[in-house]
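Down below is the structure, laid out as structure tokens.
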Amino acid sequence: MVFEQKMLTNGDPEDEEEEAPEEEEEDEADLVDPLETIRAKCEETEHCVHYKEHLELCETRVNSKSNTTEECTEELFDFLHARDHCVSHKLFHNVK
């Protein structure tokens, strides 16, 4: 009985361990991935906007047809290539 009272008054060590991950999660929530930030900026450049418009036109065309074998793979790859090319020039300037 005395042992049980000590456990109740001293607290459970598992409860203390649960607090630490919560603090880490709060710190991680404040972090922003520079890759995502740079990708968003690159998508707004004139070169990428051009490819994004082509991709959106293709998606609209494909979605308007009920029975088609056309896909927008080429347009998607062109857009991703243009965006990643832009990102590759800017990303490593932010890496410490």
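Data table
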read-out	value
Residue-count net charge about ASN63 - beta-carbon cut-off 15 Å; Lys, Arg +1, Asp, Glu -1	-3
Inter-label distance, nm, simple model (7 Å from Cα along the C-beta direction), GLU53/GLU36	2.9
Integer Hz, Karplus 6.51/-1.76/1.60 couplings in order for region 60-66, x for Gly and Pro	5, 4, 5, 6, 7, 9, 7
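Each value in this text was obtained by applying a stated rule to the coordinates, not by laboratory testing. From a predicted model like this one, the values you see are computed outputs, not experimental measurements. Heads up, the Cβs are rebuilt from the backbone with ideal geometry, glycines too, and the neighbour counts pull from every protein chain shown.
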